[in-house]
Amino acid sequence: MTATTATSADERLASVSRFTKILRRPELGALLGAVVIYLMFAVVDTTGNFATIAGTARWTDVAATVGIVAVPVAMLMIAGEFDLSSGVMIGTSGLLAGLLTTEYGLGMWPAILVTLAFAACIGLINGWLVMLTGLPSFIVTLAMFFSLRGINLGVTKALTDTVRVAGIDKVPGYDSAQAIFGTTFWAPFNFRISVIWWVVITVVATTVLTKTRFGNWIYAVGGDSNAARNTGVPVRRTKITLFVTTSMASALVGIISLMRLKSMQAGQGVGEEFTFIIAAVVGGCLLTGGFGSAIGSTIGASIIGMAFIGIAYAGWNTDWSWLFLGVILFIAVLVNTYIGRRAQGARK
């Protein structure tokens, strides 16, 4: 066999067509699904608002609060881990900032900084325990979920004799913080500023995943952590950093909600962790790790936003929203699996 024949027989050196490269993109299935869902709700909309700029402002409002956390959740899933405390952390951070200001006289900005530092510590604890014990992150973060949920209810009721914190708008520094976290822009459509946070986080995460060494580490530890460790990748540091990032993103949503609502309920955010995971999975993340993208999770969050608002605009019973999400999740996994197999099987 000649050298030329050997080279042409080596599949690793075979050229890959542009179509195959597109098929291998993790967000392809989510993008197709988003287009279909957008067109469907634009057609069945009984108000005529869904496909307008005002309608876009409505569904991006929902999508932004999901996407801000779904993006770092996707990065964590790419690394092969989960964080089931991300939802309850929204309520914890809002309550903490609210209690520090209304009960202990702290200004709004110092309270926000303390809250973000607290969230980083929670993420650090989650990551450290996962690495130290070797237990599945599902178990560790589920334990943190119940711990924080109990603290939210117990501490809030002990300090305020209720399960909520209110009167945030009277705290010094609220107006400037509200302008950063809770205001709107582009009148009269009034897009929420959380949309800007969402876009910025998506751009930063995409840059990290595609342009930096840390991004390569994330994919490596999710693909095979032992192999990554043997090649010098700091597996422990990479995963702990991602747990910290996810927790801080949840705290950011908690602060945004606090600035917007001027109050916080002890049970707020509970259950949202599954919405974040749905957005990541719909966006192409594999439950086994090593595959996914930030853009995909953002598209997944957009699908969730369109579903919640589109169902209301269509005049359907909103109680069916979660059934719709379940169906979307199942179909998305089937589509992503099919596309992935086609891409792996394609050579040209």
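In this structure the amide hydrogen of Phe291, modeled in the peptide plane, comes within under 5 Å of the amide hydrogens of Leu286, none closer than 5 places in sequence on its chain.
For a test of the definition: using alpha carbon positions, the gyration tensor, and the 1.5 limit on a/c, classify segment 121-209 as rounded, prolate or oblate. Each step should come with its number before you reach the end.
Numbers: a/c = 3.02, a/b = 1.24, b/c = 2.43.
Verdict is oblate for segment 121-209.
Just check segment 142-279 against the gyration tensor rule for me: Cα atoms, a ≥ b ≥ c as the square roots of the eigenvalues, rounded for a/c under 1.5, and otherwise prolate or oblate depending on whether a/b exceeds b/c.
Details: a/c = 2.85, a/b = 1.51, b/c = 1.89.
Oblate.
Mind listing the long-range amide H neighbours of Phe191? Cut-off is under 5 Å, sequence gap 5 or more, other chains count too, H placed in the peptide plane at 1.01 Å from N. Distant-sequence amide H within range of Phe191: Phe185.
Taking all protein chains together, Thr206, Thr46 sort by accessible area into Thr46, Thr206, largest first [probe 1.4 Å].
Of the listed residues Lys239, Lys262, Lys157, Lys170, the order by accessible area with a 1.4 Å probe, largest first, is Lys170, Lys157, Lys262, Lys239.
Placing Trp320, Trp109, Trp217 in order of accessible area, with the largest value first and a 1.4 Å probe, yields Trp320, Trp109, Trp217. Per residue, segment 181-277 exposes 46 Å² of solvent-accessible protein surface, assessed with a 1.4 angstrom probe and all protein chains in place.
Of all aspartates and glutamates in the structure, those lying under 19 Å Cα to Cα from Lys170, and not within fewer than 8 positions of it along the same chain, are Glu103. Backbone phi angles across segment 310-324, fed through the Karplus curve with coefficients 6.51, -1.76 and 1.60 (θ = phi - 60°), yield HN-Hα couplings of x, 4, 5, 5, 6, x, 7, 5, 5, 5, 8, 4, 6, 4, 4 Hz in residue order; Gly and Pro are listed as x. For the chain, carbon and sulfur atoms together expose 66% of the accessible surface, with a 1.4 angstrom probe and every protein chain in place.
Convex hull volume of the C-alpha atoms in segment 47-163, normalised per residue: 153 Å³. Structure remark: mean-square fluctuation, Gaussian network model of the chain, C-alpha springs under 10 Å; the largest value among Val233, Val281, Val62 belongs to Val233.
Over the chain, the reciprocal of the mean inverse Cα-Cα separation, the Kirkwood hydrodynamic radius, stands at 21.3 Å. Between the helical axis of 108-133 and the longest alpha-carbon principal axis of the chain there is an angle of about 40 degrees. Computed from Cα positions, the angle between helix 137-160 and the longest principal axis of the chain comes to roughly 10 degrees. Would you mind checking the tilt of helix 235-261 against the longest principal axis of the Cα atoms of the chain, expressed as 0 to 90 degrees and rounded to 10? Its long axis makes an angle of about 40 degrees. For the chain, the Cβ-based charge dipole about the Cα centre amounts to some 940 debye (Lys, Arg positive; Asp, Glu negative; other atoms uncharged).
Average accessible surface for segment 71-156: 36 Å² per residue, computed with a 1.4 Å probe over protein heavy atoms with every protein chain in place.
The values are calculated or read from the model by the stated rules, or taken from the named source; none is laboratory data. Not measured: the values here are computed from a predicted model. All Cβ positions, even for glycine, are placed from backbone atoms using ideal geometry, and neighbour counts span all protein chains on display. Remember, those area values only see protein heavy atoms, side chains included, never the ligands or the DNA or RNA. Shrake-Rupley method; radii C 1.70, N 1.55, O 1.52, S 1.80 Å.
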